[in-house]
Amino acid sequence: MMSSPAEQQRRDITGQVALGDPSAVMSEVRAILEAHWPDGDWSPLDTLSELFCVLYAGEHPEYHGCDAGYHDAEHVLDVTLAMTRLMAGREKRWPGPWAFDADLALAGVASALFHDAGYLRRRGDRRHSTGAAYTRTHVPRGAALIRAQFPAVGLAELAPVCSRLVHFTNCHRKPEYLNVRSRQEWQLGALLGTADLLAQIAAPDYLEKCRQALYDEFVASGIAVGEHTPEPARCHYRSRDDLIQRTPGFVHGVAGSRLERDFAGAYHYASSYFGGDNPYLDAVVANCARLEQWLAPSRA
């Protein structure tokens, strides 16, 4: 197996922002929002960031901390940064009456920051010993957490829209059938679904995390079989190698069709944000090339 090109502390796609540092990510998010929505009130970002840190660190009285190795805090912060850039890119391309207002932009950031909160396990949970066991149901669980916890920290006005938007990250739901209140809210949801997929498959350690952390999450949720155990009848993946061998189908099929068709090519807004280049797509292409190298011996 080839070694990971990722640094020990992974940085964002530009190499400038440490994804293991929530304050650094949220500082960058705030700077982007202030530049593109200068009249917005961004004070709620402090509350959102504090709630995120308390929850994911296991310091919340109602929830254990995040113990998912793939859908971890770094992934969430990566998606949040990508979401903010996509929103800003959209504003550059479609100013005027088609633009999001600052309230919608704030909802977009809040939704990204809590889109995987359904992996957090409640204290007193007797059913499972890890949040990864909730892989199949983490999206509605995350929406329920938003509805419960946002009002508790004074962000009740954000709860309804954010609890709807997180459903756009469910790969098993067609976005045209999701419950939204406006065309702009649907477009915001499409950006969130795009950011979630794009940040994942562009990550420099995407393949390594799939083979190790993602497979472990699938085992915990019954989607994959544990090593050296009999294969369950409903198991989807038979081994770590099986997951990797089927990853091209996900990248080119599920992710590709959703990014291009279901979400109307919203990933192109990254090009608008970066002034023509799209480092996310460049990284996806690089990961696909690495994946081909990984799979070449098995195809020989």
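The rows are residues; the columns are (1) touching a Ser or Thr at 6+ places or on another chain (Cβ under 9 Å); (2) farther than 20 Å from residue 214 by Cα; (3) open to solvent by less than 30 Å² (accessible area, probe 1.4 Å); (4) in a helix (DSSP H, G or I).
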site: 27; (1), (2), (3), (4): no, yes, no, yes
site: 39; (1), (2), (3), (4): no, yes, no, no
site: 65; (1), (2), (3), (4): no, no, yes, no
site: 74; (1), (2), (3), (4): no, no, no, yes
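Any idea which of 193, 154 is under 24 Å from residue 283 (Cβ atoms) and touching a helix residue (DSSP H, G or I) at 6+ places or on another chain (Cβ under 8 Å)?
On the way: 154 fails: under 24 Å from residue 283 (Cβ atoms).
When all the criteria are applied, what remains is 193.
Filter the stretch 15-25 for residues that are open to solvent by less than 40 Å² (accessible area, probe 1.4 Å), assigned to a loop (DSSP other than H, G, I, E, B) and of a type outside the set (Gly, Ala, Ser) and give the result. Correct list: 17, 19.
Would the stretch 114-127 turn up any residue that is open to solvent by 20 Å² or more (accessible area, probe 1.4 Å), basic (Lys, Arg), in a loop (DSSP other than H, G, I, E, B) and in contact (Cβ under 8 Å) with a residue 24 or more places away in the chain? Yes: the stretch 114-127 contains one or more residues that are open to solvent by 20 Å² or more (accessible area, probe 1.4 Å), basic (Lys, Arg), in a loop (DSSP other than H, G, I, E, B) and in contact (Cβ under 8 Å) with a residue 24 or more places away in the chain. Can we say residue 81 is more than 26 Å from residue 212 (Cα to Cα), assigned to a helix (DSSP H, G or I), modelled with pLDDT of 95 or more and open to solvent by less than 30 Å² (accessible area, probe 1.4 Å)? So residue 81 does not fit the description; no.
Among the residues of the stretch 135-154, those identified as surrounded by fewer than 24 Cβ atoms within 10 Å (Cβ to Cβ), in contact (Cβ under 8 Å) with a residue 40 or more places away in the chain and within 16 Å of the chain's Cα centre (by Cα) are 135, 136.
Determine whether the stretch 273-294 contains at least one residue that is open to solvent by 60 Å² or more (accessible area, probe 1.4 Å), at pLDDT 95 or above and at positive phi. Yes, there is a match, as at least one residue in the stretch 273-294 is open to solvent by 60 Å² or more (accessible area, probe 1.4 Å), at pLDDT 95 or above and at positive phi.
Filter the stretch 147-165 for residues that are among the aliphatic types (A, V, I, L, M) and either out of contact with any Pro (no Cβ under 9 Å at 6 or more places or on another chain) or not in a helix (DSSP H, G or I) (or both) and give the result. Give the steps one after another, and end with the answer.
Initial filter on the stretch 147-165 (among the aliphatic types (A, V, I, L, M)): 148, 152-153, 155-156, 158-159, 161, 165.
Listed by number, the residues that qualify are 148, 152, 153, 155, 156, 161, 165.
The values are calculated or read from the model by the stated rules, or taken from the named source; none is laboratory data. As the structure is a computational prediction, the values presented were derived from the model and not from experiment. For neighbour counting, all protein chains shown are included, and Cβ atoms are generated from backbone atoms with ideal geometry for every residue, glycine included. With ligands, DNA and RNA removed, areas are computed over all heavy atoms of the protein, side chains included. Shrake-Rupley method; radii C 1.70, N 1.55, O 1.52, S 1.80 Å.
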